[in-house]
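Some notes on the structure that comes next.
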Amino acid sequence: MTILSRSTTLVLGLSLTACTTPAVDPSLERSIGGIEAVDDHAHPTLQLAPGAKPDTEYDALPLDALPPMTLPARLRADHPDWIAAQRAVKALAIKTPVEALDNAGIDVMLSNRIALGPGLTPPRFRWISFVDALMLPLDGRLEAARTPDTRSLYALETKLLHRYMNDLGVAKLPASLDEYVAAIVTPTLERQKKLGAVAVKFEAAYLRALDFDDPNAGVAHLVYSRFASGGTPGRAEYKALQDYLFRVIAREAGRLGLPVQIHDTDIAGSFYSAKGSDPFLLESAFNDSTLRATKFVIVHGGWPLVTHTLTLLAKGNVYADFSLTGMVAEPRQLANTLRMWLNEYPDRVLFGTDAFAGGPDQTWEAGALLATNSARRALGLALTRMLRDGVITRERAEQLARMVMRENAVALYGLGTGGAATTGAAARSVPEPGMPARSVPERSASARSAP
Ligand SMILES: [Zn+2]
């Protein structure tokens, strides 16, 4: 009886402690909530005038081009977190893209689009261009026939390459591979840089496996010369050329100081190759000693193969963002990943949202809010546990938070020379009446308007 009473008291005592100890350290939560974030990866849409034609440039390979697919539960428009984020954004009557950033506490959104445009302008929005099209100069009919997903996607890349060629005033493909690189690949990358791109992005995992093998240059040259003026290369032939061009593009991007982002997660599309997007497939390219001047970013962190990503961060020029994962995984799951990465490579981990327009019930503005709140929560959980376990000091926890949410990206993309990331333009912007002020240190992340 006595023993029973004691254990009852003990259990009660424990649960009281559990109730009074918040999962995220309140002071840490406040500092994380006050960090002006730099979003490593997102697809915001243009601010269109009434009657303007719809924005089709928010992605080179938009998901609506694919046959119906199953999305993870937390990514669906009917998930309670999405509904709450949509409501919050609607209630605030957000009118401009900049207001959407203010609402989410994002200073700079790195915008992965075919081009920027109305409402999406520096310094708050910085451009990341698409470069898969440069890797795919030949007839991709055999590649496209591979799955119902790839059928429409290759045609979109061909269209984009023609646009790039048109921008340069080049009407047809040159006869040799060296001429193609000199007349189209390099000038397109240089042009993108001149137009303000801070990085380039591959979405190749939608199209093929990420095994960009050590290329046979002789074969690549032969395949290009043989098919540049017509005909369809075999799949192995085309792969040899693509592998070669991937490394040329990555090398040129490195020379121009443009980091290379690579989409890497287990979705999207019903015929998407999860195995083909294992981060380990990128090791061959990452181990190319001629590419060490190029910085690579594993976008979406290779989720859920995050331990593979961890080992790749050891390469010295490899980074990972956790865009999208803040919407796919619950904060506690993401917190476990962040803790693992931060213990080993704290200067390589980047916050990102992957805010995208998924339809009227899933706006990018709501996605930005949902993903940012989720990320702040996950980071708070990870750092609180590290703090309570005595692994890091409070000062270090706050420093790690700043690195992940902002400083690592500022350093990687060279945002340190002007722009909102350093001038604090975001902090000076005046909120619309009725819109909560943002980035005030005394406001906690949980006080933001979505879960
Ligand atoms: Zn994306």
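Of the residues in the stretch 110-128, how many are among the polar types (S, T, N, Q) and either crowded, with 24+ Cβ neighbours inside 10 Å or over 22 Å from L412 (Cβ atoms) (or both)?
Residues meeting the conditions: 2.
Please determine whether any residue of the stretch 254-273 is touching a strand residue (DSSP E or B) at 6+ places or on another chain (Cβ under 8 Å) and assigned to a helix (DSSP H, G or I).
Yes.
Could you tell me which residue of the stretch 116-148 is modelled with the lowest pLDDT, considering only residues that are assigned to a loop (DSSP other than H, G, I, E, B) and within 16 Å of the ligand (Cβ to nearest atom)?
The selected residue is L116.
Can you pull out the helices (runs of 4 or more DSSP H) entirely within the stretch 284-364 that have at least 2 residues that are within 16 Å of the ligand (Cβ to nearest atom), free of Cβ contacts under 8 Å to residues at least 40 places away in the same chain and within 22 Å of M109 (Cβ to Cβ)?
none
Conditions: (1) touching a Ser or Thr at 6+ places or on another chain (Cβ under 9 Å); (2) under 30 Å from G414 (Cα atoms); (3) not aliphatic (A, V, I, L, M). T186 meets all but one. Number of the miss?
(1)
Quick check, is I94 surrounded by 14 or more Cβ atoms within 10 Å (Cβ to Cβ), over 20 Å from the mean Cα position of the chain (by Cα), part of a loop (DSSP other than H, G, I, E, B) and hydrophobic (A, V, I, L, M, F, W, C)?
Here the answer is yes, as I94 does meet what is asked.
Go through the stretch 255-278 and count every residue that is within 16 Å of the ligand (Cβ to nearest atom) and either in contact with a Ser or Thr (Cβ under 6 Å, 6 or more places away or on another chain) or under 18 Å from Q242 (Cα atoms) (or both).
Going through the stretch 255-278 one residue at a time, the tally reaches 6.
So which of A236, A250 is away from the ligand (no atom under 16 Å from the Cβ), in contact with a strand residue (DSSP E or B) (Cβ under 8 Å, 6 or more places away or on another chain) and within 30 Å of P148 (Cβ to Cβ)?
Result: A250 is the single residue among A236, A250 that is away from the ligand (no atom under 16 Å from the Cβ), in contact with a strand residue (DSSP E or B) (Cβ under 8 Å, 6 or more places away or on another chain) and within 30 Å of P148 (Cβ to Cβ).
Of the residues that make up the stretch 41-63, is at least one assigned to a strand (DSSP E or B), touching a strand residue (DSSP E or B) at 6+ places or on another chain (Cβ under 7 Å) and touching a residue at least 24 places away in the same chain (Cβ under 8 Å)?
yes
Search the stretch 338-361 for residues being in contact with a helix residue (DSSP H, G or I) (Cβ under 6 Å, 6 or more places away or on another chain), crowded, with 23+ Cβ neighbours inside 10 Å and closer than 13 Å to Y58 by Cβ, and hand back the single one that is modelled with the highest pLDDT.
Across the stretch 338-361, the extreme among qualifying residues is A355.
Here are G367, G390: which of them is at positive phi and either in contact with a strand residue (DSSP E or B) (Cβ under 7 Å, 6 or more places away or on another chain) or at pLDDT 95 or above (or both)?
G390
Here is a check on your reading of the model: is D81 buried (at least 24 other Cβ atoms within 10 Å of the Cβ) and under 13 Å from G367 (Cα atoms)?
Answer is no for this residue.
Here are A65, A37: which of them is modelled with pLDDT of 95 or more, of a type in the set (A, V, I, L, M, F, W, C) and either surrounded by fewer than 12 Cβ atoms within 10 Å (Cβ to Cβ) or under 23 Å from the mean Cα position of the chain (by Cα) (or both)?
Exactly one of A65, A37 is modelled with pLDDT of 95 or more, of a type in the set (A, V, I, L, M, F, W, C) and either surrounded by fewer than 12 Cβ atoms within 10 Å (Cβ to Cβ) or under 23 Å from the mean Cα position of the chain (by Cα) (or both), namely A37.
Could you list, ordered by first residue, the pairs with Cβ atoms under 7 Å in which the first is in the stretch 216-229 and touching a residue at least 24 places away in the same chain (Cβ under 8 Å) and the second is in a helix (DSSP H, G or I) and of a type in the set (D, E), at least 6 apart or interchain?
V223/E237
The values are calculated or read from the model by the stated rules, or taken from the named source; none is laboratory data. This one's a predicted model, so the numbers in the text were calculated from it and none came from an experiment. Quick reminder, even Gly has a Cβ in these numbers, built from the backbone with ideal geometry, and neighbours come from all protein chains shown.
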